[in-house]
1. I'd like to verify a number: residues in region 26-75 that are of a type in the set (A, V, I, L, M) and within 16 Å of Tyr7 (Cβ to Cβ), how many?
2. Could you grab me the full set of residues in region 7-34 that are under 16 Å from Asn57 (Cβ atoms), out of contact with any Pro (no Cβ under 7 Å at 6 or more places or on another chain) and among the polar types (S, T, N, Q)?
3. Filter region 5-42 down to the residues that are open to solvent by less than 50 Å² (accessible area, probe 1.4 Å), part of a helix (DSSP H, G or I) and modelled with pLDDT of 95 or more and list them by number.
4. With the requirement that a residue be assigned to a helix (DSSP H, G or I) and either in contact (Cβ under 8 Å) with a residue 60 or more places away in the chain or open to solvent by less than 40 Å² (accessible area, probe 1.4 Å) (or both), what does region 63-81 give you?
5. Here's a check for you: in region 49-58, which residue that is open to solvent by less than 80 Å² (accessible area, probe 1.4 Å) and in a loop (DSSP other than H, G, I, E, B) is farthest from Asp76 (Cα to Cα)?
Amino acid sequence: DRIVDAYIDHDVTDDLHKIQCPTLVTTGGWEDFISGPRFAREVYVRIPGAKLHIFENTSHNYPHEAKEEWGRITMDWLESA
């Protein structure tokens with residue numbers, strides 16, 4: 001519970017516009033109860049030029065659940081950044 005409280009209390013949303021480097025925002029689908037698309041979209045829209053990828057039908061453990069897709073998306077983004 002304390003981890004979740006710390007996560008909620010650490011709100012830097014109003015500073016996200018200051019990020020100037022290429023940014024890839026990734027998240028699990030609606031099954032991701034920890035953060036998920038509702039938070040990822042808010043982060044994505046506040047970082048200029050950011051890219052967003054939602055790993056549908058996955059939880060917060062999406063890098064493991066969608067290992068191949070996650071690897072491909074991440075490597076494609078790194079190569080293009």
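1. Residues flagged as of a type in the set (A, V, I, L, M) and within 16 Å of Tyr7 (Cβ to Cβ) within region 26-75 amount to 3.
2. Listed by number, the list holds a single entry, Thr26.
3. Of everything in region 5-42, just one residue is open to solvent by less than 50 Å² (accessible area, probe 1.4 Å), part of a helix (DSSP H, G or I) and modelled with pLDDT of 95 or more, namely Leu16.
4. Of everything in region 63-81, those that are assigned to a helix (DSSP H, G or I) and either in contact (Cβ under 8 Å) with a residue 60 or more places away in the chain or open to solvent by less than 40 Å² (accessible area, probe 1.4 Å) (or both) turn out to be Gly71, Ile73, Thr74.
5. Thr58
The values are calculated or read from the model by the stated rules, or taken from the named source; none is laboratory data. These numbers were taken from a predicted model, which means no experiment stands behind them. Every residue, glycine among them, receives a Cβ derived from its backbone with ideal geometry; neighbour counts consider all protein chains shown. SASA here: full protein model, heavy atoms, side chains in, ligands and nucleic acids out. Shrake-Rupley method; radii C 1.70, N 1.55, O 1.52, S 1.80 Å.
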